[in-house]
1. If you go through the stretch 316-346 one residue at a time, how many are buried (at least 18 other Cβ atoms within 10 Å of the Cβ) and closer than 12 Å to Ala240 by Cα?
2. Condition test on Arg263, is it surrounded by fewer than 22 Cβ atoms within 10 Å (Cβ to Cβ) and assigned to a strand (DSSP E or B)?
3. I'd like to check something: does the stretch 156-171 contain any residue that is within 16 Å of the ligand (Cβ to nearest atom) and under 21 Å from the mean Cα position of the chain (by Cα)?
4. If you scan the stretch 121-141, which residues turn out to be polar (S, T, N, Q) and more than 21 Å from Val210 (Cβ to Cβ)?
5. Could you please tell me which pairs satisfy a Cβ distance under 9 Å, a separation of 6+ or placement on different chains, a first residue in the stretch 412-428 that is surrounded by fewer than 16 Cβ atoms within 10 Å (Cβ to Cβ), and a second residue that is among the small types (Gly, Ala, Ser) and outside any loop (DSSP other than H, G, I, E, B)?
6. In the stretch 38-97, how many are part of a helix (DSSP H, G or I), without any contact (Cβ under 8 Å) to a residue 24 or more places away in the chain and closer than 21 Å to Glu347 by Cα?
7. For a quick check of your reading of the model, give me the residue pairs whose first member lies in the stretch 331-350 and is over 13 Å from Cys162 (Cβ atoms) and in the same structural domain as Arg309 (by TED's automatic domain parsing), whose second is hydrophobic (A, V, I, L, M, F, W, C) and in a loop (DSSP other than H, G, I, E, B), with beta-carbon atoms closer than 6 Å and at least 6 apart or on different chains.
Amino acid sequence: MRLRLFALAPLALLATVTAAARAQAPSRAPAYDLVRGTPSVDPRIGIPRDERIAAALAEVSPARLRAIDSALVSFRTRHTMSDTLSSTRGIGAARRWIHGELSRYSADCKGCLRVEYDAGMVTVERHPDKPSVNVVNVLAWLKGRDTSRVLVIGGHYDSCVCSKGGPMARFDTTSDAPGADDDGSGTAAVMELARVVAKQYPRGLETSVVFALYSGEELGLLGSTQLAKRLQAAGYEIVAGMTDDIVGNVVAEDGRVDSTSVRIYAPGDTGARGDDDVSPSRELGRYVWAMGAVYMPGFEVRPTWRLDRIGRGGDHRPFWAIGAPALRFSERLENYRRQHLGTDRLEDVDFSYVAKVARLNLATVASLAQAPSPPDTVTYRRDAASGGQKWQVTWTPSKHALNYEVLVRRTTLPTYERVIRVAGVTTYLLDEQLDDAWVAVRAVSPGGHRSIATVATGFTR
Ligand SMILES: [Zn+2]
């Protein structure tokens, strides 16, 4: 009997304590409990609209995009190894025309763009003879106030007819390769973007912007690899390496149509950290997703958390490979019956769709190039006093930051759910249990432009 009472007593006590805790739950519960709450997927999280950027979007002209792409197609082929001497046919004529157009845009902003050829001899590893080829990118630089930082947005102007006819078709330098969509569309978008950004911001932005028209993409990302390595070797902080590649088709092979959404491909990290969702490229992806929601609510940005479409590649890859935030824009619906064929015609490119992609580019470039650098590193530490129910988050200061925002999301969500403004310090005691969430910090400029975020990965005891 005595034994039985002993056994019952602790149980009764436990029941009482639990009931009391339940009764007091509302006042004792933490202010936030992300994992228990209703998920919120709003990519805009705390990003305000800049009316100057919103107004600039209207400057992007579908007619100009068409005129640019039409000129590119008129060179018949823009194969990297095609004729360079003719003034009417081949890649030499194409790049001289691009250089001339960009120079005209620069003349219209009193020389605000520095237009240059970025040339280098590159071995074509994919060719059985491994020839050396002169790979020539055309670049337009809009100098920033901080010239140590550079944001790159590009498209490739080379073309090929290489999807049929065996491996050597990749080196067919004479057949017509119109490449109106791949990647005349992206080339046109980046050139039009250069014109509009130069016109709107002739004195430049905080960060230097490079509008890059690449050669050698179809032979193995040769031009973008050359530029990424050069910028890295010169010691630039690469804010982003983005590419517009295949951004003008709206009709799929089976006839379905979509002119109201675009895909962005944002890879995970290249390291072996085991957490593939904390990379700078993913943060850039969240940023572009937010820009779409803030500035173009009728145009759906579809983030895809992978490097590229399956079995495909693009000019963001060399930037990703050197650890820079990298991302690809691509049309929602592709048509493989046109890509890398003589059928990639101007008539099948929808230039009002290309204009939407270029506007999304514009919002991203104008916003990100006015933002401070993201914090270099963010670390976190379990708060002992709360038994780990709070965590101390600490970050390195960013140049030109007015203040910071701490962002939190549960690990299963693609975007952040909480935003906490922090001014005057670079540390914050967060009321959140961080074993179950991701925390990141972004920097805010005096003008209200946000950097991409840096995810906390450095754990200190
Ligand atoms: Zn392409």
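The values are calculated or read from the model by the stated rules, or taken from the named source; none is laboratory data. It should be emphasised that the depicted structure is a prediction, and the values quoted were computed from it without experimental measurement. Methodologically, a virtual Cβ is constructed for each residue, glycine included, from the backbone with ideal geometry; neighbour enumeration extends over all protein chains shown.
1. Counting residues in the stretch 316-346 that are buried (at least 18 other Cβ atoms within 10 Å of the Cβ) and closer than 12 Å to Ala240 by Cα gives 10.
2. Working: surrounded by fewer than 22 Cβ atoms within 10 Å (Cβ to Cβ): yes; assigned to a strand (DSSP E or B): yes.
For Arg263, the condition - surrounded by fewer than 22 Cβ atoms within 10 Å (Cβ to Cβ) and assigned to a strand (DSSP E or B) - is met.
3. Step one: filter the stretch 156-171 for residues within 16 Å of the ligand (Cβ to nearest atom), giving 156-163, 169-170.
Then keep just the ones that are under 21 Å from the mean Cα position of the chain (by Cα); that gives 156-157.
Looking through the stretch 156-171, at least one residue is within 16 Å of the ligand (Cβ to nearest atom) and under 21 Å from the mean Cα position of the chain (by Cα).
4. Initially, the stretch 121-141 is screened for residues polar (S, T, N, Q), giving 123, 132, 134, 137.
Those that are polar (S, T, N, Q) and more than 21 Å from Val210 (Cβ to Cβ): Thr123, Ser132.
5. Pro414/Gly285
6. Of the residues in the stretch 38-97, the ones part of a helix (DSSP H, G or I) are 51-59, 62-73, 91-97.
Next, only the ones that are without any contact (Cβ under 8 Å) to a residue 24 or more places away in the chain stay: 51, 55, 58, 67, 92-93, 96.
Pick out the ones that are also closer than 21 Å to Glu347 by Cα and you get 67.
Number of matching residues: 1.
7. The qualifying pairs are Glu331/Ile246; Glu331/Val247; Leu333/Ala252; Arg345/Ala180; Leu346/Ala180; Val349/Ala180; Asp350/Val250.
This table checks each residue for (1) surrounded by 15 or more Cβ atoms within 10 Å (Cβ to Cβ); (2) of a type in the set (A, V, I, L, M, F, W, C); (3) not assigned by TED's automatic domain parsing to the domain that holds Val210.
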site: Leu65; (1), (2), (3): yes, yes, no
site: Ala71; (1), (2), (3): yes, yes, no
site: Met81; (1), (2), (3): yes, yes, no
site: Ala93; (1), (2), (3): yes, yes, no
site: Gly111; (1), (2), (3): no, no, no
site: Val138; (1), (2), (3): yes, yes, no
site: Asp146; (1), (2), (3): yes, no, no
site: Arg149; (1), (2), (3): yes, no, no
site: Lys164; (1), (2), (3): no, no, no
